[in-house]
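The values are calculated or read from the model by the stated rules, or taken from the named source; none is laboratory data. Computed from a predicted model, the values in this text were never measured in an experiment. Please note: Cβ atoms are built from the backbone with ideal geometry, for glycine as well, and neighbour counts cover all protein chains shown.
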């Protein structure tokens with residue numbers, strides 16, 4: 001089994017301001033056999049099909065899978081902070097602060113990576129804060 005990642009994702013921290021728009025996080029893995037992927041916020045699963053709680057009114061999730069040579073799957077998932085319950089459809093809100101994780105799992109291994117997202121209140125005299133608009137969590141893992 002091989003497990004590697006880009007950067008130290010266990011301590012990944014992002015700061016944004018209330019009202020920032022179009023934020024998304026991408027997570028990717030190469031696995032054999034094909035993994036399932038889940039997104040979590042503060043340990044609770046974000047389910048795109050639910051309309052109550054942590055669900056489709058606040059987030060959209062898209063996942064792509066392609067099978068390559070020797071049955072190795074390349075899976076990429078994107079968690080977008082957009083939905084009907086957001087101001088202007090994609091604005092960050094204070095309730096978005098929290099620990100977000102993507103979890104890849106198959107019969108061989110479970111791989112999880114997390115980031116802490118902190119949403120600051122707007123302040124007219126401070127310059128915008130933000131380390132990255134599209135953090136990528138990239139794994140090479142879960143091979144049989």
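Okay, residues lined up against (1) modelled with pLDDT of 85 or more; (2) farther than 20 Å from residue 62 by Cβ; (3) buried (at least 17 other Cβ atoms within 10 Å of the Cβ):
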residue: 4; (1), (2), (3): no, yes, no
residue: 10; (1), (2), (3): no, yes, no
residue: 13; (1), (2), (3): no, yes, no
residue: 20; (1), (2), (3): yes, yes, yes
residue: 37; (1), (2), (3): yes, no, yes
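If I ask for residues that are surrounded by 14 or more Cβ atoms within 10 Å (Cβ to Cβ) and on the phi > 0 side of the Ramachandran plot, which ones from region 84-122 would you list?
Across region 84-122, the qualifying residue is only 98.
Would you pick out the residues in region 15-28 that are on the phi < 0 side of the Ramachandran plot and over 13 Å from the mean Cα position of the chain (by Cα)?
15, 16, 17, 18, 20, 21
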